[in-house]
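First comes the structure, then the notes that go with it.
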């Protein structure tokens, strides 16, 4: 049985990843199981930098394969902001959402294009580091809609849908999200590297 650590304290993210890996002989732990690991400073300049920093730090602390992701929302009209600062754009999800909606207040629908980006990094102690990337394109709504999910989900409508991530629900989101795309690619790497069945 392979034991892996997810470099996150975010229960939503941990649940999303555990769902994807549930059919494999893998025991998934998260930072909640390792309270001794201090807050990791994400001082990289890109999603990739931050994902690798987190995975590397956790692998060093636990000596176990560690999987981290860094993800965020890129809004074209705002010059790809909030980007790597997505989780720091406010203290609460509500504050972050309000900041986005204020910034796009009088902006036409066709200029509200955005995408979620996720870079996933797997660090295997004493071996190599793998990274994968996933994106999910869509647009920003004028008002929050729905109560499911977390983060910017209530204001993001993915392409091909007319409802937000927060309205579509976990099952659909877990199939089409940026994290789902990156994790799907990473799953292939994990299965191949560890020869899982």
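Values as computed for the structure displayed
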read-out: The chain, helix-only ellipticity at 222 nm - DSSP H runs n ≥ 4, -39,500 (n - 2.57), divided by all residues, nearest 500; value: -10000 deg cm²/dmol
read-out: Alpha carbon centroid spacing (whole Å) that separates the stretch 1-59 from the stretch 118-195; value: 15
read-out: Using alpha-carbon coordinates, inclination of helix 47-62 to the longest axis of the chain, degrees; value: 30
read-out: Cα-Cα pairs of the chain separated by more than 30 Å (percent); value: 20
read-out: Ranked list, fewest to most other Cβ atoms within 10 Å of each Cβ, for 140, 191; value: 191, 140
read-out: Hypothetical label at residue 19: residues of the stretch 174-194 whose amide nitrogen lies under 11 Å (7 Å Cα-Cβ projection); value: 174-177, 180
read-out: Helix 178-194 axis, angle to the chain major axis (alpha carbon atoms, nearest 10°); value: 10
read-out: Exposure proxy ranking, count of Cβ atoms within 10 Å, fewest first, for 163, 179, 94; value: 94, 163, 179
read-out: Degrees, to the nearest 10: 93-103 long Cα axis against longest axis of the chain; value: 40
read-out: Förster radius 41 Å - calculated FRET efficiency between residue 9 and residue 162 (Cβ-Cβ, nearest 0.05); value: 0.80
read-out: Sequence of 60, 39, 98 once ranked by neighbouring C-beta atoms within 10 Å, starting from the fewest; value: 39, 60, 98
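Values quoted throughout were computed directly from the atomic coordinates according to the rules given, and no laboratory measurement underlies them. In this text, all values refer to a predicted model and were calculated from it rather than measured experimentally. With ideal geometry, Cβ positions are generated from the backbone for all residues, glycine too; neighbour counts draw on all protein chains shown.
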